[in-house]
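Structure record follows, encoded as structure tokens.
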Amino acid sequence: MTKVLLLHGPNLNLLGTREPEVYGSMTLYDINAEIIKFGAKQGVEVRAQQSNHEGGLIDALHEARHWADGVVFNPGAYTHTSVALRDAISAIALPVVEVHLSNVHAREPFRHKSLLAPVCVGQISGFGWRSYQLGLQGIMGII
Ligand code: CA2
């Protein structure tokens, strides 16, 4: 069975509590449940994790080498800053798709640049929680 890591970065544990106009009203639990259900319908096992720490996200990516076929990753603000996450994505040699709830290209200029997108198979941004669903469909096609 195909297995996918659904990985969420910093502050995404707060989804549904603040800024619904930017990030929607679903909680992280709700989003995970939708994506796990969607994956199961397609015969894909989705395991969800979240960390507020760069090192925790790096560890999750490293561990994914041993069990996952691909990764759907919302790196949050680390998208725009983290050379360490970029190196981790390059190192694991698994397909990773970068996803964002909001359209980062329509926001502040500092969000337009992703250090991670060049080492990902693609980037999906701006479709709310459905960005994760589109990301999963994309990674399934690649796997
Ligand atoms: O749009 C996205 O998914 C982002 O990855 C979200 C990050 C942001 O830094 C990226 O530029 C784009 C921020 C996540 C913050 O999550 C919150 C959730 C609830 C309340 C406040 C923030």
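Note on Ala84 and Trp67: the extension gain reaches 4.0 nm, defined as 0.36 nm multiplied by sequence separation minus the Cα-Cα distance. Listed by chain and number, the lysines whose alpha-carbon sits under 17 Å from that of Lys3, ignoring those within fewer than 8 places in the same chain, are Lys37, Lys41. Each of Asn13 and Gln42 was given a label point 7 Å from its Cα along the Cα-to-Cβ line. The distance between the two points is 2.8 nm.
Over the chain, what is the mean sequence separation of C-alpha contacts under 8 Å (at least six apart), divided by residue count, expressed as relative contact order in percent? Working shown, then result.
Numbers: 265 pairs, mean separation 37.6, N = 143.
In percent, rounded to a whole number, it is 26.
Taking the average, over residues, of other Cβ atoms within 10 Å as the packing measure, peptides 54-61, 127-134, 105-112 rank 127-134, 54-61, 105-112 from highest down.
What Kirkwood radius, in Å to one decimal, follows from the Cα pairs of the chain?
Details: mean 1/r = 0.0675 Å⁻¹.
Averaging 1/r across every pair of different Cα atoms and inverting gives 14.8 Å.
Bear in mind these aren't lab numbers, they're just calculated from the coordinates by the rules spelled out. These figures come from a predicted structure and were not determined experimentally. Because the Cβ atoms are built from the backbone with ideal geometry, glycine has one as well, and the counts that use them run over all protein chains shown.
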